[in-house]
Amino acid sequence: MQQVLMFSFNDRKMDKKSMKRIISLSVFFSILFFGTGCKKFLSLDPPNALSGNNFWKSKTDVENFTNGMYEQFRKAVARENMKADNGSYNFPFFAFAGEVRGGMTRENPSIAGTRPYIGDLSNNSLKSLFIDAKRGSYNWYQIFNVARFSKWEFFYKVIAAANIAVDRVDGVPGLTDAEKKQYKAEAIFLRNMSYFLMVRQWGDVAYYTDAYHTAPLKRMPMVDVLKNVKADMQAVKNDLPWTYSDPVFVAVRGMRGSAIALLMHVDMWLASFDAPNAAEYYTDVDKLGDELRQENGGAYALLDLARNGEIFKGRSKEGLFEVPQNANYGESFGWSYFYDFVYYNRLNPSQSGYPYVYYDATYLKAIYPDGESDKRKTYWFDGGGADMYSGSGKSHMTKFYVSLDPKAIDGTSFDASQIIFRYTDAILLQAEALANLGNEQKALSVVNIVRDRAAAAPLTSTGDVLKNDIFFERCRELIGEGHYWYDIVRTRRIIDPAYKFGYHCTVEQYKAGAWTWPINKSALTNNPLMTLNNYWE
């Protein structure tokens, strides 16, 4: 069951009657919001039932619609409760699209040859990944619903809903001006969050912001999409609160920190793909970083790594935007989280205690040098990092292990949120921008905020060495969080022979779109203006 109102209610205590009423309302809005309208190109058609006189009458209507948008976003990036709509499991969206792909993850030797998709992703062999045929013992294409990585319909459903909200909120009686601004800002944040994730996935995408759009669209150049996203978010970011007094909403509803983090990421992508104006974008990242760190009024902070479970359970001061799950209420990402691959089987004797996926030892030695102090090795790897460098696949990354049952051998009681933006991510983006601007003293002071928390020696490097050090700091701090692939794409390490790790492509392949994903041919339905990513055809 999709709990449309979970962002408001899933952590609150209530009696059975109240819970039954909320679940019934959730089902009603699931049907009303997601079950109406016809399917056309891009799934742009919004549900007509929510645009007439039977809705948009009160603050409750707006709140329910807003929660529905967040639930639809959850469907786009995480899905829920193990099985997908087609009865298959789901590949983890952020982990596989942003971490395993082109990275230093390896199939565990104890299961060698049984999970070929790991090698497909690591080698950027997406054509092999998308073969709809039995490979090894299983049809992984079907089991893990690989096709969803080529479909953008769920993102466009979020966008369609957000456009309706922006169009209708001002006319709802009983809302204060501040409430109207905040609800519209949340919708605009989700709209732009969706466009940003789509650009990272497919490059050029169709762009629109008008409500009830039905006309065919062609793909807009990604730089223009990102510029639109930037202008859109800049206009409303200050209408969002720094945080919420109700902890249920913290980090899982849009905050000003969420908007700032999105803008920082957008600027860093623009700096790469609109290179003549890179200095302008880096300067904006620096300003946004100062705003985030210095003006948040205590809303955000780095937690001691001994509180790692709080960080990844979610709704902490370190979270800027995340998708929650709560095992107490039956919410489970299931296979949609990296946990199952780097930690699953730890306590399962029938699986030899090995994870399905582990990190290449050479890479781990590069980002976490043996013998150098770093608390992340202690808190994020099984046994304090004892097996990290063995290359045997025995090492388990415990970074995300948040469980209601420490003895559980599967993901049923796994209780961590899917982190999308975290405070350290934004801090390191600012440091990276400063290094590219040549402001090395400030870059060092910013990056060392993160290293100080890890009790790691402060960086002192300069020039290109400093830029590489900051990149590797992002690798070690954000390991497993789905940033790696996108970082090597936008920093162009993916085409740099001097970069020793992970997948590389030629400049020509890069320009042709080797870093994108295929676009499903369903995008062409009823849309003569649409095109696919030809590199993958």
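The values are calculated or read from the model by the stated rules, or taken from the named source; none is laboratory data. Given the structure is predicted, the values throughout are model-derived calculations rather than measurements. No Cβ is skipped: glycine too gets one built from the backbone with ideal geometry, and neighbour counts run over all protein chains shown. For accessibility, only protein heavy atoms count, side chains too; no ligands or nucleic acids. Shrake-Rupley method; radii C 1.70, N 1.55, O 1.52, S 1.80 Å.
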- Query: Rounded to the nearest whole Å², what accessible area per residue is found for the stretch 386-537 with the 1.4 Å probe?
  - Reply: 38
- Query: What residues have an amide H closer than 5 Å to that of Arg115, excluding those fewer than 5 places away on the same chain, when H is modeled at 1.01 Å from N in the peptide plane?
  - Reply: none
- Answer rounded, prolate or oblate for the stretch 380-537, using the Cα gyration tensor with square roots of eigenvalues a ≥ b ≥ c: rounded when a/c is under 1.5, else prolate when a/b is larger than b/c, else oblate. oblate
- On the protein heavy atoms, probe 1.4 angstrom, tell me the percent of accessible surface of the stretch 209-312 carried by carbon and sulfur. 50
- How much net charge surrounds Ser445 when only the other residues with a Cβ under 13 Å from the Cβ of Ser445 are counted, with Lys and Arg +1 and Asp and Glu -1? -1
- What FRET efficiency do you get for Lys511 and Ser245 if R0 is 56 Å and r is their Cβ-Cβ distance, rounded to the nearest 0.05? 0.70
- Task: Take the cross-link list Lys59/Lys184; Lys184/Lys218; Lys317/Lys399; Lys287/Lys511 and give me the ones stretching past 21 Å between alpha-carbons.
- Result: Lys184/Lys218; Lys287/Lys511
- Query: Which aspartates and glutamates have a Cα lying under 17 Å from the Cα of Lys500, excluding residues fewer than 8 positions away in the same chain?
  - Reply: Glu99, Asp360, Asp464, Asp469, Glu473, Asp487
- Query: How much net charge surrounds Asp496 when only other residues with a Cβ under 12 Å from its Cβ are counted (Lys, Arg +1; Asp, Glu -1)?
  - Reply: +3
- Once the Cα gyration tensor of the stretch 213-307 is found, what semi-axes does its equivalent ellipsoid get, as square roots of 5 times the eigenvalues, in whole Å, sorted largest first? 28, 19, 12
- Of Lys180/Lys230; Lys365/Lys521; Lys230/Lys365, those spanning more than 32 Å from alpha-carbon to alpha-carbon: Lys365/Lys521; Lys230/Lys365
- Using a Förster distance of 51 Å, how high is the FRET efficiency between Leu524 and Lys500, based on the Cβ-Cβ distance and rounded to 0.05? 0.80
- Query: Considering the stretch 133-222, what Rg and Dmax in Å follow from its alpha-carbon atoms?
  - Reply: 17.6, 60
- Among the Cα-Cα pairs of the stretch 443-494, the proportion with separation greater than 19 Å, in percent, is 27
- Note on the structure: Looking only at aspartates and glutamates whose Cα falls under 12 Å of Lys467's and that sit 8 or more positions away or on another chain, we get Glu432, Glu440
- Share of accessible surface on carbon and sulfur in the stretch 425-537, whole %, 1.4 Å probe and ligands ignored, is 53
